[in-house]
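To keep things clear, I will list the structure first and then write my remarks on it.
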Amino acid sequence: MAIANTFNSRRRQEEKYRINGAIRNVNRVRLVGDNVEQGIYTLEHALQVADELLLDLVEISPSSDPPVCKVVDYRKFLYQQKKKEKETKANAVKVVVKEIRFGPQTDEHDYNFKLKHAINFIAEGNHVKASVFFRGRAIMFKDQGEVLLKRFTNDLSEIAKVDVAPKLEGKRMIINLSPKNKK
């Protein structure tokens with residue numbers, strides 16, 4: 001199964017670009033590449049230039065007018081594109097959300113314990129999702145839950161900012177906090 005998925009993803013990667021004879025319905029193309037005089041040429045002339053250099057003509061930007069085609073070794077081109085995608089994915093920011101749960105009548109010691117954890121999470125650069133769970137008839141104390149979350153945000157106001165204000169979703173009240181930018 002894994003081999004089939006690898007094969008299919010490779011085929012999709014290859015189908016992303018039209019090469020050589022697959023470039024159709026185009027009269028003129030903008031030719032780019034190494035060892036090539038850049039400019040606008042007929043498709044036949046561009047194919048001939050690629051053939052003389054023993055390389056492929058790859059349509060890079062089909063939506064531009066005229067389409068941009070590059071004279072390059074196709075396998076090397078795909079390798080470079082895959083490498084760029086992997087680099088971009090590695091440099092992407094990964095957001096970690098840590099959740100802290102309270103009850104509507106959380107005791108002072110428990111509150112301070114959870115506050116200390118939230119401070120550590122934010123210091124590490126993680127986002128914090130604080131929620132108050134209401135069980136059974138405890139939903140009658142939703143104002144206590146809101147007061148608890150407001151106190152929580154006030155205690156963290158120096159190191160964190162509120163992304164989403166307290167809101168009630170079913171039987172729980174949620175607030176999202178993220179670290180303030182350090183300047």
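Annotations
- Across the chain, the mean sequence separation of Cα contacts (distance under 8 Å, 6 or more residues apart), normalised by length, yields a relative contact order of 14 percent.
- A simple charge model with +1 on the Cβ of Lys and Arg, -1 on the Cβ of Asp and Glu and nothing else charged puts the dipole of the chain at about 820 debye relative to its Cα centre.
- Sum of -39500 (n - 2.57) over DSSP H runs of 4+, divided by residues of the chain (222 nm, nearest 500): -13000 deg cm²/dmol
- When you filter the trypsin sites (Lys or Arg not before Pro) in region 124-165 for DSSP loop state and at most 11 other Cβ atoms inside 10 Å of their Cβ, you are left with Arg135.
- Rg/Rh for the chain, where both radii come from Cα atoms and Rh is the Kirkwood radius: 1.34
- Applying a threshold of 28 Å to the alpha-carbon distances of Lys86/Lys129; Lys82/Lys180; Lys89/Lys114; Lys94/Lys180; Lys16/Lys86 flags Lys86/Lys129; Lys82/Lys180; Lys89/Lys114 as lying beyond it.
- For region 31-117, GluC sites (Glu not before Pro) are listed when DSSP marks them as loop and at most 11 other Cβ atoms sit within 10 Å of their Cβ; the list is Glu37.
Every number here is computed from the coordinates shown, using simple stated rules; none is lab data. Here the structure is a predicted model, which is why all the values come from computation and not from measurement. Counting neighbours? That spans all protein chains shown, and the Cβs are built from the backbone with ideal geometry, glycine included.
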